[in-house]
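Since the structure comes first, as structure tokens, the remarks are kept for the end.
What follows draws every value from the coordinates through simple rules; no lab data is involved. All values reported here derive from a predicted model rather than from experimental measurement. Please note: Cβ atoms are built from the backbone with ideal geometry, for glycine as well, and neighbour counts cover all protein chains shown.
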Amino acid sequence: MPANTAAPTRILQLIVSMNPDFGGPQEAVVQITHSLRAAGIASDIVTMDEPGASWGGDDVIRLGPGRLRQYYYSERLLPWLRTNARHYDSMVVHGLWQYHGLATRRALSGTGIPYYVFPHGMLDPWFKHQYPLKHLKKQLYWPWEYRVLRDARAVLFTTEEERMLARQTFARYRVNEAVVGFGISDPPRGDRAHFLRRFPELQGKRIILFLGRLHPKKGCDLLIAAFAAIASREPALRLVMAGPDQDGYQATLTRQAEQRGIADRICWTGMIKGELKWGAYHSAEVFVLPSHQENFGISVAEALACHVPALISDKVNIWREIAAEQSGFVAKDTPGGTLELLEKWLALNPPERERMSANALTCFRKHFHIDSTTEKLITTLRANRCPAPHSSAA
């Protein structure tokens with residue numbers, strides 16, 4: 001049957017929670033929703049959050065509470081989808097290994113309404129090697145999760161790197177793939193003065209910024225060790241560690257800084273949002289993310305949009321674009337690689353740093369603006385609006 005080439009007019013996005021502490025997928029939903037609406041396409045959001053949850057805005061449909069630990073099972077979801085599916089042209093499931101994907105597949109089986117899945121890096125083989133026991137559990141779930149992916153009209157990837165890595169995780173893998181990219185909208189003008197008033201100890205300092213969850217995956221320990229190795233070369237250097245503490249990991253990092261003798265050179269801001277977050281970017285001379293696994297790295301795109309070069313590991317899936325546009329440096333996610341990133345930055349003279357800052361903005365506009373992603377997403381939805389090649393209620 002030929003595809004229905006008309007653009008979709010109403011899309012439903014499903015995600016287990018809009019809690020911003022959970023990281024990138026939540027921000028992805030926000031950015032995609034705003035961009036779709038700007039393009040004239042209505043987009044609703046369904047979550048398993050408690051009805052009284054404060055995050056996500058007034059227009060989020062909350063069907064929680066999600067139960068069974070991190071599976072987020074809700075008995076309200078499947079009936080709601082079966083009742084309301086006819087109001088939507090397409091549905092987009094964000095994330096894997098949770099009930100909302102299975103419920104969407106079951107609700108739409110036989111309806112002709114297509115659904116799509118955004119894995120957001122959850123098929124990356126890094127997790128298999130880093131957490132073998134969790135991977136064993138996922139292998140038990142895989143026959144059901146595989147059906148969700150197989151019957152999706154398309155599995156949506158943010159980068160070509162993510163698409164290729166996803167093929168390496170499970171032996172049985174046959175899906176319709178589409179790379180749609182990802183990005184953010186133009187950022188607001190950050191108030192540098194507001195950020196520095198909040199953290200006056202940073203006035204007049206050269207700021208190296210990390211912004212993200214404090215988690216072992218992010219390579220925070222590598223960054224502190226590398227900063228300790230170069231801190232004595234420039235007394236004005238300060239490392240800003242901005243982001244929510246993940247499972248008490250900040251205490252471990254603080255002890256590491258104390259042992260290295262640089263505790264007074266690090267500013268721990270906790271989670272920062274809105275004007276304060278953008279002020280942090282505009283106060284920094286460079287952004288660092290030595291992550292061991294990063295599907296996209298929204299914070300990298302945010303830094304670039306603020307003219308801030310990015311020093312990243314080659315496990316951040318947008319590293320090729322950063323390197324090609326000379327908008328930062330790329331190295332291995334090792335102690336030596338992270339030290340190399342900082343040393344290369346410090347070796348630049350002021351004109352070279354200014355040139356790299358200009359390249360950062362060019363890189364953002366060329367590769368990571370949300371309008372480009374929305375255009376690719378709409379094209380993918382338009383091209384695939386025909387009955388799925390697989391449809392079964394098994």
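Around Ser74, what is the net charge, scoring Lys/Arg as +1 and Asp/Glu as -1 over all other residues with Cβ under 15 Å from its Cβ? Spell out each step's value before the answer.
Numbers: positive: Arg62, Arg67, Arg69, Arg76, Arg82, Arg106; negative: Asp49, Glu50, Glu75.
Charge balance near Ser74 sits at +3.
Per-residue counts of other Cβ atoms within 10 Å, averaged by peptide: what ranking do you get for 30-38, 226-234, highest first? Walk me through the numbers on the way to the answer.
Numbers: 30-38: 18.6, 226-234: 16.7.
So the peptides 30-38, 226-234, ranked by packing, come out 30-38, 226-234.
Of the candidates Phe368, Phe329, Phe22, which one comes out as most mobile in a Gaussian network treatment of the chain with C-alpha springs shorter than 10 Å?
Taking springs between Cα atoms under 10 Å, the residue moving most is Phe22.
Please give, to one decimal in nm, the separation of the simple spin-label points placed at Ala53 and Ala171, each 7 Å out from Cα toward the Cβ.
The two pseudo-label positions are separated by 3.7 nm.
Please build a GNM for the chain, connecting alpha carbons under 10 Å apart, and tell me which residue among Pro65, Pro350, Pro20 fluctuates the most.
Residue with maximal mean-square fluctuation among Pro65, Pro350, Pro20: Pro350.
Quick one: Cα convex hull volume of the range 138-265, Å³ per residue?
On the way: hull volume 22.9 nm³, N = 128.
Dividing the Cα hull volume of the range 138-265 by its residues yields 179 Å³.
How high is the FRET efficiency from Gln70 to Met271, r the C-beta distance, R0 22 Å, rounded to 0.05?
Details: r = 20 Å, r/R0 = 0.93.
After rounding, the FRET efficiency stands at 0.60.
Provide the packing ranking of 249-258, 372-381, i.e. peptides ordered by the mean count of other C-beta atoms within 10 Å per residue, highest first.
Working: 249-258: 15.3, 372-381: 19.5.
Packing order, densest peptide first, comes out as 372-381, 249-258.
Counting helices only, and only those DSSP H runs with n ≥ 4, report the 222 nm mean residue ellipticity of the chain as the sum of -39,500 (n - 2.57) divided by its residues, in deg cm²/dmol to the nearest 500. Working shown, then result.
Numbers: 15 runs with 165 residues, N = 394.
Helix contribution divided over all residues of the chain: -12500 deg cm²/dmol.
Place a label point 7 angstrom from the Cα of Lys376 along the Cα-to-Cβ direction, then list the residues of the range 86-123 whose backbone nitrogen is under 19 Å away.
92-95, 116-123
How far, in nm, would the chain grow between Leu346 and Thr254 when pulled straight, counting 0.36 nm per residue and subtracting the alpha carbon separation?
Numbers: separation 92, 0.36 × 92 = 33.12 nm, distance 2.41 nm.
Contour length minus Cα-Cα distance gives 30.7 nm.
Using a simple charge model, +1 on the beta-carbon of Lys and Arg, -1 on the beta-carbon of Asp and Glu, nothing else, what dipole does the chain show about its Cα centre, in debye to the nearest 20? Working shown, then result.
Details: 48 positive and 39 negative charges, 191 e Å.
For the chain, the charge dipole is close to 920 debye.
Just want the answer: with Cβ charges of +1 for Lys and Arg and -1 for Asp and Glu, which residue in Gly243, Gly274, Ile224 is farthest toward the dipole's positive end in the range 191-288?
The listed residue farthest towards the positive side: Gly274.
So what are the ³J(HN,Hα) numbers for the range 70-77, from phi and the Karplus equation (6.51, -1.76, 1.60; θ = phi - 60°), rounded to whole Hz, Gly and Pro as x?
So the J values, rounded to whole Hz, are 8, 7, 6, 6, 9, 5, 7, 5.
Which whole-number percent gives the relative contact order of the chain, counting Cα pairs below 8 Å spaced six or more residues apart? Kindly include the intermediate steps, with their values, before the conclusion.
Details: 758 pairs, mean separation 70.3, N = 394.
Worked out over the chain, it gives 18 percent.
About the Cα centre, and with charges only on the beta carbon of Lys, Arg (+1) and Asp, Glu (-1), how big is the dipole of the range 28-97? Nearest 20 debye, please. Display every interim value, and only then the final one.
Numbers: 7 positive and 7 negative charges, 46 e Å.
That gives the range 28-97 a dipole magnitude of about 220 debye.
At 0.36 nm per residue, and after removing the present C-alpha to C-alpha distance, how many nm does the segment from Gln326 to Arg365 gain when stretched out fully?
Values: separation 39, 0.36 × 39 = 14.04 nm, distance 1.39 nm.
The span from Gln326 to Arg365 would gain 12.7 nm if fully extended.
Over the chain, with a Gaussian network built from C-alpha contacts below 10 Å, which listed residue (Cys220, Cys363, Cys267) shows the highest mean-square fluctuation?
Result: Cys267 has the largest fluctuation of those listed.
Determine ³J(HN,Hα), in whole Hz, for all residues of the range 121-134 in sequence, where each value follows from phi through the Karplus function 6.51 cos²θ - 1.76 cosθ + 1.60 and θ = phi - 60°; x replaces Gly and Pro.
x, 6, 9, 5, x, 4, 5, 4, 7, 7, 10, x, 5, 5
Among Ala154, Phe210, Ile11, whose Cα lies farthest out toward the positive end of the dipole of the chain, if unit charges sit on the beta carbon of Lys, Arg (+1) and Asp, Glu (-1)?
Of the listed residues, the answer is Ala154.
Which order do peptides 197-209, 278-290 fall in by mean Cβ count within 10 Å, highest first?
Details: 197-209: 16.1, 278-290: 24.6.
Final packing ranking: 278-290, 197-209.
Principal axis lengths of the chain from Cα atoms, whole Å, largest first?
Each principal axis gives a Cα extent; for the chain these are 66, 42, 40 Å.
Step by step: find N for the range 259-394, compute 2.2 N^0.38 Å, then divide the Cα radius of gyration by it. What's the final number? Please list the in-between numbers first.
Numbers: Rg = 18.6 Å, N = 136, 2.2 N^0.38 = 14.2 Å.
After normalising by residue count via 2.2 N^0.38 Å, the value is 1.31.
Could you check the simple spin-label distance between Gln130 and Arg206, using points 7 Å along Cα→Cβ, in nm with one decimal?
Roughly 3.0 nm, to one decimal.
From Cα pairs below 8 angstrom and at least 6 apart in sequence, can you work out the relative contact order of the range 113-222, rounded to a whole percent?
Details: 88 pairs, mean separation 28.0, N = 110.
For the range 113-222, the relative contact order is 25 percent.
With an 8 Å Cα cut-off and a minimum separation of 6 or more residues, compute the relative contact order for the range 258-334 in percent.
25
Using only C-alpha atoms and all pairs of different ones, pull out the Kirkwood radius for the range 229-331 in Å with one decimal. If you can, show how the numbers build up before the last one.
Details: mean 1/r = 0.0675 Å⁻¹.
Kirkwood radius, the range 229-331: 14.8 Å.
Rg and Dmax of the range 94-149, using alpha carbons, in Å: what are they?
12.5, 39
On full extension of the chain, what length is gained from Asp191 through Met164, given 0.36 nm per residue of separation minus the C-alpha to C-alpha distance? Intermediate results must be reported in sequence, preceding the final value.
Numbers: separation 27, 0.36 × 27 = 9.72 nm, distance 3.95 nm.
Once the chain is fully extended between Asp191 and Met164, it gains 5.8 nm.
Quick one: if you take sqrt(5λ) for each eigenvalue of the C-alpha gyration tensor of the range 145-213, what semi-axes come out, biggest first, whole angstrom?
Largest first, the range 145-213 gives 43, 14, 10 Å.
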